[in-house]
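Everything below concerns the one structure shown next.
The values are calculated or read from the model by the stated rules, or taken from the named source; none is laboratory data. Owing to the predicted nature of the structure, the values given are computational and were not obtained by experimental measurement. Positions of Cβ are generated from backbone atoms using ideal geometry, with glycine treated the same way; all protein chains shown enter the neighbour counts. Protein only, heavy atoms only, side chains kept; ligands, DNA and RNA dropped before computing areas. Shrake-Rupley method; radii C 1.70, N 1.55, O 1.52, S 1.80 Å.
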Amino acid sequence: MKKSSNEIFSDLKLFYPYLRKGLVMQKLAFIKKYPQFNDCYSHVLTQSDDEDRAIKVAKTLVKGIEEGFLTEMDLDELLFLLIEDTLFNSYLYKLQPDNIMCSNETDLNQLLRNWGVPSDNKILSNVNNEAESDSVICGYRRYDFDCIRLLLLDKNPVKIYRQDDDDLYAAYPTIIDVDFRRNLLHIRIKDVDLIESNSKEVSTFKGRIENTLNFLYGFEPKIHCKEIDNVRKSLFLIEENLLKGQREKAQQKSADFQPEIDAFVGKIHKEFGPVHEEGITSKEHISTSVLCIISKSLDTNEQGDIVGIKFRNKHGEGKENYAEVSIIEKDYKCISTDELYWINLSVLLNQQEIEFLKIGKLFNAGFVIFNLTASLNTINIRLMQRSSHPDNELERQPTDHKYDEVVEFVNKFLK
């Protein structure tokens, strides 16, 4: 049944966190719809100048439908694109798709029916669906037979805290990528910081991820997945991939000093004895100190892409027996420009495990700043929405295309 303008507006308001005017206009231009948006927006302004901008955008979109500039199907495509280009906090799991048949159109359609994906593939048509679980599938996209992207909404809108303003209720979307090409399951979610709820399933990342996995485990045929093993080792491999080349340039320059280093190590041993630290020799400690000085001579273009790192120096067998090293370059220089990296390098190379990386890297889709974290027993990828990067010429806005390239890069190092 066709919805009235008031019903569409009421549903659309639930998506106000995604109705940013600039991004809406960008996506409308992408799908080649509603070129009259700005004119209609100006008309809305004359009637409701004191309203929140997202509400004005919602009214403008409804006006587009009323005037015949936009269809409900166009609006659905717009919403899906807006959500895709907003959810960049992702937890990855290894997918084991052996029991899922999805190699042709017939298999795909049967799979979607079995999973309870609505045949009316429109978000606003399904936003108020009744459901026994906490999540409702409100739409999907398919990418050949390589990936099925499901859009889930919380059964109930969440209450969002807003300082000096009335609290609003919003739809909370989750994107699930069933990624057959890379054998990965992506759970992409939005921040939970401003959600007002006493339920951990609603207001914490851990609760949301566990709740989403439990929802997916109820599918028939079942989705089988598991956490990424040895994430900390994988993060170390990424660090080595991005910084080992830069480190070797400094090590080449230190080769001429090896006789002096060996002589100095001999004097240290004679006076104080060998360093009693498992896995790290006195020479390694002294060599990294020399590298710290030499690194200052490296040109800027010889630096790497890592702007933040966190790793541990473990003591004994206990999980909590460790010292933690955290290096964050606030002006987005590579950590290899800072002596803290070189001074602690022998510890990093001995441990070969990393808790967290912050990377600023240029991909085909553009420059991306992203965090990689060992979290919830798997890997968490987070593309940063904004930054204070000093190069204002760089286009840093994350996109779904950038997200895909980041995952492609990271997946090469996952065990």
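Within 14 Å, Cβ to Cβ, of K330, how many net charges do the neighbouring residues add up to if Lys/Arg are +1 and Asp/Glu are -1? Surrounding charge for K330 is -1.
With the convex hull of its Cα atoms as the shape, the stretch 330-370 has an orientation-averaged projected area of 3.8 nm².
Electrostatic tally near R208: other residues with Cβ closer than 14 Å to its Cβ, Lys and Arg +1, Asp and Glu -1, net -1. Can you pick out the pairs among K2/K159; K94/K122; K267/K310; K206/K249; K226/K330 whose Cα atoms lie more than 31 Å from each other? Checking Cα-Cα distances, K267/K310; K206/K249; K226/K330 exceed 31 Å. Only one residue of L12, F30, L82 has its Cα farthest out toward the positive end of the dipole of the stretch 1-138, where Lys and Arg carry +1 and Asp and Glu -1 on Cβ, and that residue is F30.
Hydrophobic long helices, here whole DSSP H runs in the chain with Kyte-Doolittle means of at least -0.5 and Cα atoms spread over 27 Å or more along the helix axis, are not found. Computed with a 1.4 Å probe over protein heavy atoms only, the accessible area of R312 comes to about 60 Å².
Rg/Rh for the stretch 250-378 stands at 1.02; both radii use Cα atoms, and Rh follows the Kirkwood definition.
Among 23-36, 402-415, how do they line up from the highest to the lowest mean number of other beta-carbon atoms within 10 Å?
Output ranking for 23-36, 402-415: 402-415, 23-36.
I'd like the GluC sites (Glu not before Pro) in the stretch 65-131 restricted to DSSP loop residues with at most 14 other Cβ atoms within 10 Å, sorted by number.
Sparse-neighbourhood loop GluC sites (Glu not before Pro): E67, E130.
What the Cα convex hull of the chain gives, in volume per residue, is 181 Å³. Once the Cβ-Cβ distance of E210 and H269 is raised to the sixth power relative to R0 = 41 Å, the FRET efficiency obtained is 0.20. Between S297 and S5, the simple spin-label model (points 7 angstrom out along Cα→Cβ) gives 7.4 nm. Annotation: amide H of L184 within the under-5 Å range of L95, D179, sequence separation 5 or more or interchain, hydrogens built in the peptide plane. Of the solvent-accessible surface of the chain, computed with a 1.4 Å probe over protein heavy atoms with every protein chain present, carbon and sulfur atoms account for 47 percent. Within the shell of other residues whose beta carbon sits under 13 angstrom from the beta carbon of I137, the net charge comes to 0, with Lys and Arg scored +1 and Asp and Glu -1. Think of the chain as having a plus end and a minus end, set by charges on the Cβ of Lys, Arg, Asp and Glu; of T337, G266, I195, G266 sits farthest toward the positive end of this dipole. With 0.36 nm allotted per residue and the present C-alpha distance subtracted, the T71-E132 stretch has 18.9 nm of extension available. Legend: calculated FRET efficiency, K159 to D338, from the Cβ-Cβ distance at R0 = 45 Å, rounded to 0.05, equals 0.60. Which residues among the stretch 44-61 fall inside the zone where the amide N is under 15 Å from a point 7 Å beyond the Cα of M25, along Cα→Cβ? Those under the cut-off are 44-45, 53-54, 56-58, 60-61.
Summed over the residues of the chain and divided among them, the accessible surface reaches 50 Å² per residue at a probe radius of 1.4 Å.
Placing a pseudo-label 7 Å from each Cα along the Cα-to-Cβ vector at I261 and K330 gives an inter-label distance of 3.2 nm. Annotation for A323 and T106: the two label points, set 7 Å from Cα along the Cα-Cβ direction, are 6.6 nm apart.
If you stretched the chain out fully between N350 and K415, how much longer would it get, using 0.36 nm times the residue separation minus the C-alpha to C-alpha distance?
Stretched out fully, the N350 to K415 stretch lengthens by 21.4 nm.
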